[in-house]
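> Take a look at the following structure, please.
The values are calculated or read from the model by the stated rules, or taken from the named source; none is laboratory data. Since the model is a prediction, treat every value here as computed from it, not as a measurement. Backbone-built Cβ (ideal geometry, glycine too); neighbour counts: all protein chains shown. Just so you know, the surface numbers come from the protein's heavy atoms only, side chains and all, with ligands and any DNA or RNA stripped out. Shrake-Rupley method; radii C 1.70, N 1.55, O 1.52, S 1.80 Å.
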Amino acid sequence: MHHLSIQGSIGLPPAIHPQQEKRFQLGEIVTGRINKFFPDNKALLQIGAKQVIAELQTALSAGGTYWFEVKEGGERPLLQVLPHVSGKQASVSQLIELAGNKPNKTNTSFVEGLLKQQTSFTMPQLKQALILLQQTDLQPLEARKDALQLIMNRQLPVTENVLQAIAARQTQDMTATLNQLTNNLTAESDSATPLKQILAKLSPDGPAVNEQHLIQRITQEAKMGKQDLYLAIRPSFSTSAPSFDAWQKEWLAFERQWTDTGNIHPQSVTESGKLPTRTAVTLPYAALLDTFMGELQGVGKYTAASQDSLQTTLGTVRQLLSMFPERALPEHIAGNLRNSLETLQSVPLVRDMHSQLLKGSIDNEQLLVKTTELLQMLQASSKNEQSKDGAFFKQMMQDIFRQVGYSFEHDIKEANTAELPLKGLLLQHAAHGAEKAELPAQLLQQITGSQLLQVHDEKQMAYIQLQLPGAPFGFDKDLLMELEGRKEDNGKISSDHCRILFYLHLPILNDMVVDMYIQKKAVNLHIYTETEKTEQVMRPLQHKLKSALEASGYHLSSIKYTVSAEAKESNHISTGLVADLSEQKGVDYRI
């Protein structure tokens, strides 16, 4: 049983008692009920679900409920009774009045939410939160209320700037904002160029093509004398393309140069997780690779079925043109070709070929060349998708994290930022007073809000939330992740005991939540989806997932599918993991 000292509003010096097991937060507001009295001015006080022995230094009534403020109490906490009306029980309305406000439906609901979530708060925090709650020129009411409750739950500063950042994070989609800014940004000055470049990486026209993995594949083919990527990239040359011998020589020289600098071989990505970059050594054909990656992204945003259909048609066309170079294509084959090309119109190579067919300005010889080039492009795109293993996505997530600027302040402090990330460029954009600043400011708030909510660290557990732009993954909405795990002695999260939630909005399967629970290397998946076809689509892929997990030392124990209308992607920090956290924290922290 714990012991507390309680004094009246005037305050008396507390008595000295033995060390208590738990400590309150200084200034915290709590409510408690006097259950019964004991001799020597002691009483049984109930706070939440816990009971403590309290030494009374002011007159209280048995059965009475009071608001207390935690004061300095030496080795024992000292609870000071807040002003109250004799004979009346402590109420939310009374607390709001003590904070200098008139109770109404809005602020009563807000304070009730704090108490229900067992959120610790002080009187200054409550006063400031109620002031911000009334400011109608900020976000909509519900967004303000939700953001303020989260701010106080996480013990963040209760300020207008923090409120705007958290509300932006909770209510807006970063992927949509990036797309809008990319479309609206005009190159009015040189300062906009780096911003446009970083936006092109975070808001690409299709699923991301990791430059480093592409370099790895090119160098591997050069060493083996293979020409697949060379033939796919060759049409991107604006002038006459180099011969394969010249191409191979350049890339082998690049690999030697990279090795001579003492760095890791490009082929060693799976062991090291590190790959060469164009800033480390001179990269051959750098501008050309940018063009080719843009082509791959354009192709990659279309479904595999569309790409397969076009490949089949192109294969038939190439075979006919090779066998009968002087004959015109049969009309039904030419019609199939035009229709197949129509579905991939945003790809420049496809668009150019389709236009020439419609105009009739392309002969059989040219058509055969174009058909072969496009087939090579589609095959390169297919291989690019197949090469996206765990190392690829790990590297891509690290790149996106850095490019957004989630570690911007740390990198600046450590002098590690060679090129400004998005957050740094947006701050620079705002400092120069650029026109059309609304979207950059909105995006800056979203990034800052994500940073504030990213990590919640406790003694034995860690809770992490990540918001990443969805476009590089081929999604049209953000990728949201929540991770909770037990901390090891070195402070890292245990990979043997953790839980990860993925909130996804997929192009075909729509909203989905993947709950992954790992215990002793056994992986259990629970997939919540809005449609029954999800299990039908995903079940054939389970063997691939199982093999990949086994290769990493994990065992796929179970997969469960649940069709639910609640399986929706959300910008909000979920109340699931955080609710468990705050409930446990509330009880332990108050007693």
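> Which one of these is of a type in the set (A, V, I, L, M, F, W, C), open to solvent by less than 50 Å² (accessible area, probe 1.4 Å) and over 13 Å from I198 (Cβ atoms): L426, L375, L422?
On inspection, the qualifying residue turns out to be L375.
> If G100 meets every condition in (1) surrounded by 16 or more Cβ atoms within 10 Å (Cβ to Cβ); (2) in contact with a helix residue (DSSP H, G or I) (Cβ under 7 Å, 6 or more places away or on another chain) apart from one, which number is that one?
The failed condition is (1).
> Could you list all residues from region 556-572 that are in contact with a helix residue (DSSP H, G or I) (Cβ under 7 Å, 6 or more places away or on another chain) and modelled with pLDDT of 85 or more?
Within region 556-572, L556, I559, Y561 qualify.
> Scan region 345-371 for residues that are within 19 Å of S238 (Cβ to Cβ) and at pLDDT 85 or above and jot them down.
Passing the criteria: V350, R351, D352, M353, S355, Q356, Q366, V369, K370.
> Checking the structure you have, find out if any residue of region 57-75 is touching a residue at least 60 places away in the same chain (Cβ under 8 Å) and of a type in the set (D, E, K, R).
Yes: one or more hits.
> For A253, state whether it is under 31 Å from the mean Cα position of the chain (by Cα), at pLDDT 80 or above, surrounded by fewer than 19 Cβ atoms within 10 Å (Cβ to Cβ) and of a type outside the set (S, T, Y).
Judged against the criteria, A253 is not a match.
> Considering only residues that are modelled with pLDDT of 50 or more and surrounded by 15 or more Cβ atoms within 10 Å (Cβ to Cβ), look in region 265-289 and name the one that is nearest to K201 (Cα to Cα).
Here the residue is L289.
> How many residues does region 430-453 hold that are open to solvent by 20 Å² or more (accessible area, probe 1.4 Å) and under 12 Å from the mean Cα position of the chain (by Cα)?
1
> Could you list all residues from region 36-58 that are open to solvent by less than 20 Å² (accessible area, probe 1.4 Å) and either closer than 19 Å to T122 by Cα or touching a Cys at 6+ places or on another chain (Cβ under 7 Å) (or both)?
Within region 36-58, just I47 meets the criteria.
> Continuing with the same structure: Looking for whichever is assigned to a loop (DSSP other than H, G, I, E, B), open to solvent by less than 80 Å² (accessible area, probe 1.4 Å) and at pLDDT 70 or above here; the options are S93, S61, S9. Which one fits?
S61
> For region 192-243, which positions are at pLDDT below 80, over 17 Å from I400 (Cβ atoms) and of a type in the set (S, T, N, Q)?
T193, S238, T239
> Next question, about the same structure. Can you list the helices (runs of 4 or more DSSP H) lying wholly within region 313-408 that have 1 or more residues being over 30 Å from L422 (Cα atoms)?
Answer list for region 313-408: 331-342, 348-359, 364-386.
> Are any residues in region 452-507 closer than 17 Å to L525 by Cβ and hydroxyl-bearing (S, T, Y), and if so, which ones?
S495, Y503 - these are the residues of region 452-507 that are closer than 17 Å to L525 by Cβ and hydroxyl-bearing (S, T, Y).
> Still on this model: At least 1 residues that are open to solvent by 50 Å² or more (accessible area, probe 1.4 Å) and in contact (Cβ under 8 Å) with a residue 24 or more places away in the chain in each: list the strands (runs of 3 or more DSSP E) lying fully within region 463-520 that qualify.
Because the criterion is at least 1 residues that are open to solvent by 50 Å² or more (accessible area, probe 1.4 Å) and in contact (Cβ under 8 Å) with a residue 24 or more places away in the chain, the strands (runs of 3 or more DSSP E) in region 463-520 that meet it are 479-487, 493-506.
> Could you list all residues from region 32-52 that are under 46 Å from the mean Cα position of the chain (by Cα) and part of a strand (DSSP E or B)?
Of everything in region 32-52, those that are under 46 Å from the mean Cα position of the chain (by Cα) and part of a strand (DSSP E or B) turn out to be G32, R33, L45, Q46, I47, K50, Q51, V52.
> Which residue out of L60, L130 is within 18 Å of I29 (Cα to Cα) and either in contact with a helix residue (DSSP H, G or I) (Cβ under 8 Å, 6 or more places away or on another chain) or of a type in the set (D, E, K, R) (or both)?
Being within 18 Å of I29 (Cα to Cα) and either in contact with a helix residue (DSSP H, G or I) (Cβ under 8 Å, 6 or more places away or on another chain) or of a type in the set (D, E, K, R) (or both) holds for just one of L60, L130, which is L130.
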